[in-house]
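Report on the following structure.
The values are calculated or read from the model by the stated rules, or taken from the named source; none is laboratory data. Given the structure is predicted, the values throughout are model-derived calculations rather than measurements. Note: ideal-geometry Cβ built from the backbone for every residue, glycine included; neighbour counts use all protein chains shown.
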Amino acid sequence: PPAPATGVEEDGLSIPVIDFSLFLHGDESSKQSTAKAMLNAFQKSGFLYLSNSGISPETVKTVFIQSAKFFDRPEEEKDALAWDRPESNRGYVAFGREKVTQATDPEEIKRLRASNPDYKETLEIGREGVEGSPNHWPDYDEPGKEFTKVMKAFHLTCKNLHIQFMRAIAVGMGFPETFFDEYTKGGDNNLRLLHYPQLLKSVFKDNTEAVRAGHHSDYGSVTLLFQDAVGGLEVKSPQNTWVRATPVPDTIVINAGDLLARWSNDTIKSTNHRVVQPPCEPESDMYPERYSVAYFCNPDFDKLIEALPGTYATDADKKYPAINSGNYLTQRLAATY
Ligand code: AKG
């Protein structure tokens, strides 16, 4: 079926398509109304589709091609680049290692991981130049060098969109446009390439709990999600149902994470989502593979995060104590892997 250009409107969940060029290049009134619409979406559902983001479809296509080539490498080459520790959060994660979850009890996580692995593999790529935490690049051969070049550039491209995006949120909240710049300029963000292999349909039939990616909310400030045309991403509605976030061509799904919700004193929502089998009913007994690329943004790790101005009347209304951004993320990651 043709993709809905209008976004999602189902079970009280609204995910609008927002044209970012109106913020970037529009006159003052379109800029204001676009910023307001973006903030409004973040307050209502925590999700939106961004069109005309400034990142070209060709750039995204190149990233997906390079990502597929990477995951096509022999398992032992990928394992040599394995993810090692939450403080670094870089490297290759094979099937079943990460079980994204809201659980924080290690025993519970062990149990979940044993019973229901995520049917996916990922490569985590952090900011370059962090002392003691190099990225795990396959840059020992020519294709690997090309891959490395493309992903380094894309990391910076997405960092720039994060800066612009937070400028819109600042305008929406009535702050000076550059309010968040001091939180975004370092770019302590993580690029995650995801590959969900093709899977026997019977996996889902025989196990109603089976998922490609378990339900979770994201940890940081905002996530930029690029998805292919296969589908399978679902978002929790206010009526507690799962609603499909159908791929809309040439848009980026952007959602708020837990730390932004906390920062906004819960005026912005960090909404649960997951990835399940695609909607198609293939003739074959397999569901097709799926690729996606997520860019997880965080406030710079050295920043203190406490309730934003305007989100509380008196100090007693602040729901959370101040917390350091980097410590917050490391704690969440340590509980997940
Ligand atoms: C995650 O990796 O946190 C995701 O939610 C991935 C979503 C997707 O692959 O569409």
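Table for the structure above
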{"quantity": "Filter pass, I254 being within 13 Å of the chain's Cα centre (by Cα), buried (at least 24 other Cβ atoms within 10 Å of the Cβ), within 20 Å of K36 (Cβ to Cβ) and of a type in the set (A, V, I, L, M)", "calculated": "yes"}
{"quantity": "Identity of the residue in segment 190-225, among the charged types (D, E, K, R) and more than 30 Å from S264 (Cα to Cα), that ends up nearest to the ligand (Cβ to nearest atom)", "calculated": "R212"}
{"quantity": "Check on G12, on the phi > 0 side of the Ramachandran plot, loosely packed, with under 14 Cβ neighbours inside 10 Å and at pLDDT 95 or above", "calculated": "yes"}
{"quantity": "Out of G187, G144, G132, sole residue that is more than 16 Å from the ligand (Cβ to nearest atom), crowded, with 17+ Cβ neighbours inside 10 Å and at positive phi", "calculated": "G187"}
{"quantity": "Filter result (of a type in the set (G, A, S) and either touching a residue at least 24 places away in the same chain (Cβ under 8 Å) or crowded, with 17+ Cβ neighbours inside 10 Å (or both)) within segment 150-184", "calculated": "A168, A170, G172, G174"}
{"quantity": "Residue tally, condition more than 16 Å from the ligand (Cβ to nearest atom), within 16 Å of L308 (Cα to Cα) and not in a loop (DSSP other than H, G, I, E, B), over segment 261-287", "calculated": "2"}
{"quantity": "Residue selected from segment 268-286 under the condition crowded, with 17+ Cβ neighbours inside 10 Å and hydroxyl-bearing (S, T, Y), by the criterion nearest to V211 (Cα to Cα)", "calculated": "T271"}
{"quantity": "Single residue of G54, G96, G91, G46 found to be modelled with pLDDT of 95 or more and either charged (D, E, K, R) or more than 30 Å from E10 (Cα to Cα) (or both)", "calculated": "G91"}
